[in-house]
Amino acid sequence: MLLKEVAFARSGDKGDIVDIGLFAFSKEDYALIKEQVSAKRVKAHFEPFGATRAERYEVPNLLALKFVVHGVLQGGASRSLRADNLGKTFGAMLLKMPLEP
Amino acid sequence: MGSKTVRIGAGLGFYGDSFLPALDVIQNGRIEYLCCEHLAELTLAILKKDQLKNPELGFARDLIPMLKLLWPEAQKRGVRIVSNAGGLNPKAAAMAAKRLAEELGLRVKIALIEGDDLLGSLAEFFPLKHLQTQEPLPEDIKDRLVFANAYLGAAPIAQALKEGADLVLTGRVADCSLFLAPCLHELGWGLDDLERLAQGTLAGHLLECSAQVTGGNHGGDWEGIEGLENIGYPIAEVGDGSVLITKTPASGGRVSFDTVREQLLYEMHDPSSYLTPDLILDITQVRLKEVQKNSVLVTGAKGRPRPDSYKAVMGYQDGFMGQAILGYSWPEALKKAKKASEILTYKIKTLGLPIEEVHTSFLGFNSFFEELADTEAAKELNEVYLRLAVRTQSLKAAQALSRLAVPLALQGPPTASGFIGFERTRELIGLWPTSVDRGAVDRHVCIKSLGGDEGAS
């Protein structure tokens, strides 16, 4: 099972940081992502992009988790060589993470 | 909401956003203010290039066509406009706006706010430390800076509104402060009234990306959202303890729990401590309630006193990007594109071009996901495009890439087609965020006015 089945996401850039909001579809889904989608896993997920650090914030009032992933934009959108220089697809990429049902 | 409220509409959400939804908000949204956000982090780098070519530029040039469309309607309805389109040159933006007002026969008072631009007085703020890493500013970056701007707050904008401005033009201002300013002015909030200020900052944060809260770029049920081709921009009705987010009835898009919570967390980092120049916003107690179709009531935003410093972002020249994009068809599309990439890389090497980094990806296969792309999907691709991007300090080397790529039409693997994007050499700008002493910046901040009953003052 993929994270995509229990949540949606949106991401954006701040300098060399990608900031990802992850939104569970229900309370049960929120409990699941809170348990399984750790900062450590998210950092490992984005290590191919050079992630140096990832922070996680729990936002139960919005059934959401927030991830702040450092070092993944080649120094920032305006110096990046990537097709997605603004980190807009990082949310979608996170949704590929496998979960235990 | 029993107490007094103010209705604010969102204009643009970035340099290049469309004007028509803003016109709809003015005509049909019963708004009193329209706030327009033109400056993403990298926009100042674009404006700097304009200004180097022509000292009368350096502001977001879409301001003038935008005002041309919106101003007559806004003036008729008493809607005042706040915009950060001043960019690196608010004075030139205000002069251009004044010329437009004369052309349109409008009698308007224009205010401009300066003082965010630190490049000329940067030495006053040394030593600077990187906002995240705390490292000192490297000497070689110092010599290549093209802009350095502090994110100012809402207070000077509110002051300009108090002095009667119909249009307030700023340079770099925190996005949400553009929206908080009308709340300060209309609702008479004090700068230390954190509970109320939090509502205005929250409203600003929700509106600053225009259609991103009304169903645009929505990661949830995007297919179920009707009328994306006619999407409405958001409207906030801000009161003492709450914010109502809505849109005009005839416009497309959606305002719902999902679209609002998605924008609420957008680019915010720590939800309990969103740093703005006006206060530190805490949204961890926020409640969202769909009170009617396309109207969400937001309550529970909290505020703590603002930091003693301003965030500032500096940009420095960091070479050039050259890129080549060309496509290959089935069968074995990816194999062909990879071969083309090898040929190009070989040519770059043998010619000794001063290239620092080559970034290869395949559009339609992995240009976004790179190593996370599903390789199974590559087996029977109908077509795929090679995108080869290079980083170099030499503009000539960046441009040379295109000349190397074109001969592949006849010299490389079969079916090379769809030659696009060869000339898109781009100047690269590195970003260096920092924080600067608030008092020292404030000494440079000033409000000037043009037009109306006064001349320039």
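Only the coordinates and a few stated rules stand behind these numbers; no lab work does. Being a predicted model, the structure only gives us computed values, none of them experimental. Because the Cβ atoms are built from the backbone with ideal geometry, glycine has one as well, and the counts that use them run over all protein chains shown.
Some notes on this structure:
- Number of the condition not met by residue A:30 [criteria: (1) assigned to a helix (DSSP H, G or I); (2) more than 9 Å from every other protein chain (Cβ to nearest Cβ); (3) closer than 19 Å to residue B:370 by Cβ]: (3)
- Checking each residue in the range B:159-191 for being surrounded by fewer than 23 Cβ atoms within 10 Å (Cβ to Cβ) and either of a type in the set (A, V, I, L, M) or not in a helix (DSSP H, G or I) (or both) picks out B:161, B:163, B:164, B:166, B:187, B:188, B:189, B:190, B:191.
- Among residues of the range B:288-300 that are of a type in the set (S, T, N, Q), those with a beta-carbon under 6 Å from a residue that is not in a strand (DSSP E or B) at least six positions away or on a different chain give the pairs B:294/B:247; B:294/B:255.
- Taking the criterion of being part of a strand (DSSP E or B), out of contact with any Cys (no Cβ under 7 Å at 6 or more places or on another chain) and buried (at least 24 other Cβ atoms within 10 Å of the Cβ), the residues of the range B:232-273 that qualify are B:235, B:236, B:243, B:245.
- The strands (runs of 3 or more DSSP E) falling completely within the range B:284-323 that include 3 or more residues that are not small (Gly, Ala, Ser) map to B:287-292, B:295-299.
- Tally, over the range A:50-84, of residues that are among the aromatic types (Phe, Trp, Tyr) and surrounded by fewer than 21 Cβ atoms within 10 Å (Cβ to Cβ): 1
- Residue in the range B:23-41 that is surrounded by fewer than 24 Cβ atoms within 10 Å (Cβ to Cβ), within 22 Å of the chain's Cα centre (by Cα) and closer than 29 Å to residue A:80 by Cβ present: yes
- Of the criteria (1) farther than 26 Å from residue B:322 by Cα; (2) within 7 Å of chain B (Cβ to nearest Cβ), which one residue A:94 fails: (2)
- Residues in the range A:33-57 that are facing another protein chain (nearest Cβ under 9 Å) and closer than 21 Å to residue B:262 by Cα: 2 in all.
- Within the range B:264-283, residues that are over 20 Å from residue B:41 (Cα atoms) and within 11 Å of another protein chain (Cβ to nearest Cβ) sit with their Cβ atoms under 6 Å from residues that are among the acidic types (Asp, Glu) and surrounded by fewer than 22 Cβ atoms within 10 Å (Cβ to Cβ), at 6+ positions apart or across chains, in these pairs: B:272/B:282.
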